[in-house]
Every structure is written in C-alpha cells, then in structure tokens.
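The block underneath contains the structure these notes are about, expressed in structure tokens.
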C-alpha cells in the first residue's frame, strides 16, 4: 500500500485551533494515536455546534461515526498547539465524509490526517435522516 502524502493548509478552507493536554502524551513522550481521533471529533463537532446545526444534548438528529482512519507523519505532544483543517469530501443523503488534518502550530504540512464518516440518524429510532437544507448549505461551503 502506498504511503499517504501529508496535506497542506492550502487544501482546507476551515480551521479550528485545538490545545493538547497533559494526559494526551503516552509513555513514548508523544501524543497517543487514539487522541488524534478525539481531536478529529472535537474539531468537527465543535464547529457544527457553533454553527447551530448540531445539538448533541437535545437535538432530534445526531451523527454516528461509521468509518474512520488516520495517517501519521510527525509527532504531536503536549504542550503543542494544534490547528485542525476541516473539509467535506462527500455528502450523501444522510451521511458526510469529513477529512481532517492536524497541523502543529504554524507548520504547513499535516502532522496527521484522516477522515470519518458520520451517518445522521434520528436520536430515538437510530434510523438515518436526510440532511436538511441548512446542513447541506453549510457543508457545501467546505466541499473539496
């Protein structure tokens, strides 16, 4: 399998600052690989909440992750400041593939990058729900 090439900041139109935490470092002195996935979730869901399209505590529709992946290029560690670049790679009827790059400080190339797919479902029934016009408009602004 061919090794992925790090994405650059130019590949993204949306950025969210994130802060690493003391507990993010593992015994090897760098950020544990599972933390990258947490930062992906934090970046995307924080943005959706701030934009008013996701209410994870009381909203009728919630997003469930059905696929995820990450490639690692260079180490991140506490106390690094991280900037997440976010883009929408695909939009289906009820699903969205987000691609996220984690940049260390002001670096131009991603330290790690990955994706996850959300399927938006009814909170109670867990049945897929079509994305609203509001969601489609917001997400469409960040399609790659």
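List of remarks:
- Annotation for the range 75-122 versus the range 1-58: alpha-carbon center distance of 5 Å.
- Rounded to 0.05, the FRET efficiency of the residue 32 and residue 125 pair, given R0 = 25 Å and the Cβ-Cβ distance, is 0.10.
- Inter-label distance, residue 10 to residue 65: 3.0 nm, where each label sits 7 Å from its Cα along the C-beta direction.
- Eigen-decomposition of the gyration tensor built on the alpha-carbon atoms of the chain gives equivalent ellipsoid semi-axes of 27, 17, 14 angstrom, largest listed first.
- Protection proxy ranking of 45-53, 111-119, 94-102, by the mean of other Cβ atoms within 10 Å over each peptide's residues and highest first, is 94-102, 111-119, 45-53.
- Counted over all Cα-Cα pairs of the range 49-104, pairs farther apart than 12 Å make up 77 percent.
Values quoted throughout were computed directly from the atomic coordinates according to the rules given, and no laboratory measurement underlies them. Owing to the predicted nature of the structure, the values given are computational and were not obtained by experimental measurement. Glycine gets a Cβ as well: all are built from the backbone with ideal geometry, and neighbour counts include every protein chain shown.
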